[in-house]
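Please treat every number below as a calculation from the coordinates, not as lab data. As the structure is a prediction and not an experimental result, all values here were calculated from the model. Counting neighbours? That spans all protein chains shown, and the Cβs are built from the backbone with ideal geometry, glycine included.
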Amino acid sequence: MKKVLVITYYWPPSGGGGVQRWLKFVKYFRDQGWEPVVYTPLNPEMPSEDFSLLSEIPVGIEVVKTKIWEPYLLYKRFIGKKRTQRINTGFLSDSKKPKATENIAVWLRGNFFIPDARKFWIKPSVKFLKSYLKDHPVDAIVSTGPPHSMHMIALGIKSSLNIPWIADFRDPWTNIDFYHKLKLTRRADRIHHQLEKQVIDYADIITTVSWSWADDFKQLGAKNVQVITNGFDPTDYNNLDKAVSSKFELCHIGSMNKDRNPAKFWEALSIVCEKVEGVKQDLHIVLLGSTDHQVFDDLQRFGLMDYVEHFPYIPHKAVLERASKASVLLLPLNDTPNVSGIIPGKIFEYLALQKPILCIGPETGDSARIIRDTKRGHVVGFSSVAEMVEVLSVYYHEYTLNQTIAVEESVYDNYSRKVLTEKFASILNSLILRA
């Protein structure tokens, strides 16, 4: 088999969305004639843990680990967190008003830890891998970010050994939705852009997860950009208990930060509760994942907290099990400038669950494109309260008739992890043929 080195920060037992993409590619690479070798930290700072994911790593896969030093213990002390407390990702906040120390910590993170807090692992990893690869050669390298320090490791190897390299962007770098929140100086902003440009220029191929983001990378000068979306793994749905809830259940899976908080939707839902008979008795809101305090503040403000059940974190299989009982799956998008390219990984799991999707976001974005092509739900603008009320009322009416809400038959196999791995393998094949 041909060999590919995968450089990734997130790997089981780390949980959450960041680990899924490359765990699944690695799971199916052998079927496509590629033997993966994974390089990952021995002692990373994990936002969550999911030991059940370890069972998905194929038997015999080589996973190479080295120690990493990260400034998170210092960060926790500085902001008053305990050593054992987790660090939230994506500017998700537990408190109503961040401490002054948290704002200072954000400034330090943005201006001194470039490209991110894993920067201290770059040089040791380049040194280690240059030596390792002389005795254990590979045909190609894939780095996946964020964190974008993984791309800098691959860049160091590419510069020395000239091994074909794919830089995979699960999220953008300087175009990411929270970039403006990093409180960057002009110097720091310039360095971020310079490093990003180096990766774009030296990587043989850039892969990313949405069509809009692919266009953004082309605007930044990338010559060869391929879109490989995220997807769903069919085996995750084997023997899944799909018993439907007796309630009119609205379910959201994954983290919900301030930018993703659909305040106007909560307003619309409160209107439906008052105007449509029976909703108050039947409503149940399920939030499966880390949730910003602002979400709970708005739920309280609109009188909806009594209907809420919140699970901060449960294993991935249990998430799917719980979501399969829902009447409607909620997909609020980030209300940020780069929203057109945002395709949350959960959308593909929603497709596989065969439930109606209610997306809050632009009707012209990439998520809307998928929902429209698969005929799997509704897309309503961020501020379209009247339309939200109408859609919710229709959904509730159908629920009262059937205790479930039907979806149209549609084809969504193109988003299967097996099919997507085949596509990624074909890109790898073309890359080594060209080399």
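Among the GluC sites (Glu not before Pro) in the stretch 231-304, those placed in a DSSP loop whose Cβ has at most 15 other Cβ atoms within 10 Å are GLU277. Of the residues ILE163, HIS136, ASN111, the one whose Cα sits farthest toward the positive end of the charge dipole of the stretch 103-165, with +1 on the Cβ of Lys and Arg and -1 on the Cβ of Asp and Glu, is ASN111. Roughly how many nanometres apart are two label points built 7 Å out from the Cα toward the Cβ at ARG434 and GLU408? Label at ARG434, label at GLU408, 3.7 nm between them. In a reduced charge model with +1 at each Lys and Arg Cβ and -1 at each Asp and Glu Cβ, the stretch 109-188 shows a dipole moment near 500 debye about its Cα centre. A dipole drawn for the stretch 306-435 from +1 and -1 charges on Cβ atoms has a positive end, and of VAL391, VAL380, ASN334 the residue lying farthest that way is ASN334. Fewest-first ordering of SER290, SER384 by other beta carbons within 10 Å of each residue's beta carbon gives SER384, SER290.
For the stretch 190-196, putting each phi into the Karplus relation 6.51 cos²θ - 1.76 cosθ + 1.60 with θ = phi - 60° gives couplings of 5, 5, 4, 5, 5, 5, 4 Hz, in residue order, rounded to whole numbers and with x for Gly and Pro. Across the chain, the mean sequence separation of Cα contacts (distance under 8 Å, 6 or more residues apart), normalised by length, yields a relative contact order of 15 percent.
With a sphere of radius 12 Å drawn around the Cβ of ASP201, what net charge do the other residues whose Cβ falls strictly inside it have (Lys, Arg +1; Asp, Glu -1)?
Within the 12 Å Cβ shell, the charges total +1.
Our Cα-only numbers for the stretch 124-206 put the radius of gyration and Dmax at 13.8, 43 Å.
Lysine pairs in the stretch 103-193 whose alpha-carbon atoms fall under 22 angstrom of each other, counting only those eight or more residues apart or on distinct chains, come to 10. Taking the centroid of alpha carbons for each part, the stretch 201-268 and the stretch 364-435 are 10 Å apart. With a cut-off of 15 Å between beta carbons, the residues surrounding GLN219 carry a summed charge of -1, where Lys and Arg count +1 and Asp and Glu -1. A simple charge model with +1 on the Cβ of Lys and Arg, -1 on the Cβ of Asp and Glu and nothing else charged puts the dipole of the stretch 234-413 at about 180 debye relative to its Cα centre. Normalised by residue count, the stretch 234-413 yields a Cα convex hull volume of 108 Å³ per residue. Couplings 3J(HN,Hα) of the stretch 139-144, computed from phi: 8, 7, 10, 10, 10, 10 Hz, in residue order, whole Hz [Karplus 6.51 cos²θ - 1.76 cosθ + 1.60, θ = phi - 60°; x for Gly and Pro]. Local charge for ARG372 was computed over the other residues whose Cβ lies under 11 Å away, with Lys and Arg +1 and Asp and Glu -1, and equals 0.
Look at SER255, SER340 and count the other Cβ atoms within 10 Å of each Cβ; fewest to most, that gives SER340, SER255. Taking amide H as placed 1.01 Å from N in the peptide plane, the amide H of THR291 sits under 5 Å from that of MET256, each at least 5 places away or on another chain.
When CYS359, CYS273 are arranged by Cβ crowding within 10 Å, least crowded first, meaning fewest neighbours, the order is CYS273, CYS359. Among the GluC sites (Glu not before Pro) in the stretch 402-435, those placed in a DSSP loop whose Cβ has at most 15 other Cβ atoms within 10 Å are GLU408, GLU409.
Rg and Dmax over the alpha-carbon atoms of the chain stand at 22.0, 71 Å.
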